[in-house]
Each structure stands twice: as C-alpha cells, then as structure tokens.
C-alpha cells in the first residue's frame with residue numbers, strides 16, 4: 001500500500017499549482033455530476049476529503065473510502081457529516097445498488113486490478129447510476145515527467161499505471177458502462193470520464 005503523509009498531501013494544495021489544479025478539477029467534476037439533494041455519493045480514494053466535502057456542501061449524502069488509515073483519520077477530523085471508511089476499491093464494503101453516483105479521481109492509476117474496481121463500482125451503483133472517473137493523461141507532458149520520475153524509483157509514481165483517454169474509455173465499455181463522454185482540463189493533463197450503469 002502506498003503511504004502518503006496527510007499533512008504533506010494537504011500542503012501541496014497551498015502551492016499556486018495545487019490551488020489551480022484543485023479549482024480546475026472541482027469545476028469540471030461539478031459540471032459533470034449535477035448533484036441532486038439527498039443523493040448518495042461515494043468518493044473512492046478520497047484522501048483527506050478535500051473533494052468529498054464539496055459534495056456535502058451541495059446537499060448530497062456523502063461517503064468517503066480510502067485504503068490509508070492515516071488519510072481517513074485526518075479526513076474524519078476535518079470534515080463532519082461524512083461517513084469515512086478504510087477499505088479497498090477492489091472489494092468495496094457496500095451493498096449492491098446502493099449509490100446514485102460514484103467518483104474516483106486519480107485512484108485507478110494505483111489499482112492492482114482496474115477492471116475489478118470498475119466491476120465493484122458497477123455493483124454498488126443503482127440502475128442508471130453515474131460514474132465519474134478522473135485520471136492523469138498518459139501522453140501529457142506533466143504525466144510524462146511523472147512517469148520518468150517513476151522509472152527512477154519515485155515512491156508514488158513508480159507504482160502508477162497511467163491511462164490514455166482511449167484506454168480508459170475501452171475499459172469503461174468492457175465494464176458495461178454506457179453514455180460515455182469525457183473532457184479534459186489543466187491543459188490536457190487531467191481527463192474526466194462520465195459513464196452510466198447500463199441495465
């Protein structure tokens with residue numbers, strides 16, 4: 001399991017590039033998600049809950065999942081009104097047909113079996129439920145730099161598999177998601193896909 005210090009993670013968002021990236025990604029997610037009051041939303045790979053808290057502000061019933069106990073402990077202290085839980089995306093600890101929407105941002109890159117993760121997401125989504133999957137674009141210069149750092153043993157990027165837009169779309173189709181469309185931000189560095197659970 002990749003261990004990231006929550007304080008160090010949070011400090012990145014205080015830098016100009018971090019603030020800009022957060023604003024751009026949140027704006028794109030908000031446009032794609034269109035939250036209805038009372039909707040059940042799960043944030044997989046929620047980290048310290050920075051994005052998760054946005055869904056709560058818009059009237060959703062919000063849940064956050066992360067494999068890091070340190071991240072979940074920090075998120076629980078900082079954000080009230082959200083049910084945070086430690087768990088793995090490959091074996092989601094939730095019942096079938098439970099959520100209206102699932103958001104998974106820069107988490108599939110680190111999954112041991114992305115296809116299994118998507119199968120689990122499909123299982124817990126209600127019929128016609130929405131999946132938002134955000135990834136770092138494999139061919140973007142920022143991601144190429146991260147890939148190079150990974151080759152030289154960076155503790156985080158060495159464990160990542162970066163997707164192209166075509167590769168992720170094919171994965172979503174194989175996982176039986178329909179009405180798929182995508183949009184990028186951060187000069188193409190971040191791609192957000194939206195898919196619907198098909199019957």
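For this structure, a couple of remarks:
- Among 81-89, 118-126, the order from most to least packed when residues are scored by Cβ within 10 Å on average: 118-126, 81-89
- Packing-based ranking, highest mean first, of 164-176, 183-195 given that Cβ atoms within 10 Å are counted: 183-195, 164-176
Any read-out appearing in this document is the output of simple, stated calculations on the displayed coordinates, not a laboratory observation. Just so you know, these numbers come straight off a predicted model, no measurement behind them. Note that each Cβ is placed from the backbone with ideal geometry, even for glycine, and that neighbours are counted across all protein chains shown.
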